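Below: one structure, written as structure tokens.
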Amino acid sequence: MSNFQLPQGFTPSSGPSGSHGAGNGGGNGGPSPEEREAAEARARQQEEMKRTMIAAMLEPAARERLSRISLTRPQLSAQVEDLLVRMGQQGQIRGQVTDEALKGLLEQVSNPPPSKNTTPAVSAGGRTKSLGGGITIQRKRDDSDSDEYDL
């Protein structure tokens, strides 16, 4: 079976394996330059398909927001893009994603579900205040903040 060759343009989906490189001196342990080039081409093609799919799913305002986020927080942008692609492939997205829906996805990805030990909204002495949405104000203790001084 070592003479079996794949049709031209067909690539195995299981990744690199030792069996298809054995006939052309693939004993060096690494992929041949042709295999590397083919893998890079597949990766570029998949990235282009992902970009096209996301562009088709998002409204212009949402697309603009995601592109601005990718400039400042590329990891968050990549997580949201992966989530959008998965949701699109599973048929969970109907129509185009609005800017408000994208905000919800961004919030969902950036703020994991709350843990069991939640922080109080206002702590002792009124020095810490939670405004919701992940915003917490914590004032520093200052000696002049003492209640001893009455005017």
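The values are calculated or read from the model by the stated rules, or taken from the named source; none is laboratory data. What you see is a predicted model, and the numbers here were worked out from it, not measured in a lab. Every residue, glycine among them, receives a Cβ derived from its backbone with ideal geometry; neighbour counts consider all protein chains shown. Just so you know, the surface numbers come from the protein's heavy atoms only, side chains and all, with ligands and any DNA or RNA stripped out. Shrake-Rupley method; radii C 1.70, N 1.55, O 1.52, S 1.80 Å.
Most tightly packed first, judged by the mean number of other beta-carbon atoms within 10 Å of their residues, the peptides 57-67, 32-42 read 57-67, 32-42. Using the 1.4 Å probe convention, the accessible area of the stretch 36-110 works out to 68 Å² per residue with neighbouring protein chains retained. Expressed as a whole percent, the accessible area of the stretch 36-110 that falls on carbon and sulfur atoms is 49 (1.4 Å probe). Here the extension length gained between ARG94 and MET53 equals 13.4 nm, from 0.36 nm per residue of separation less the Cα-Cα distance.
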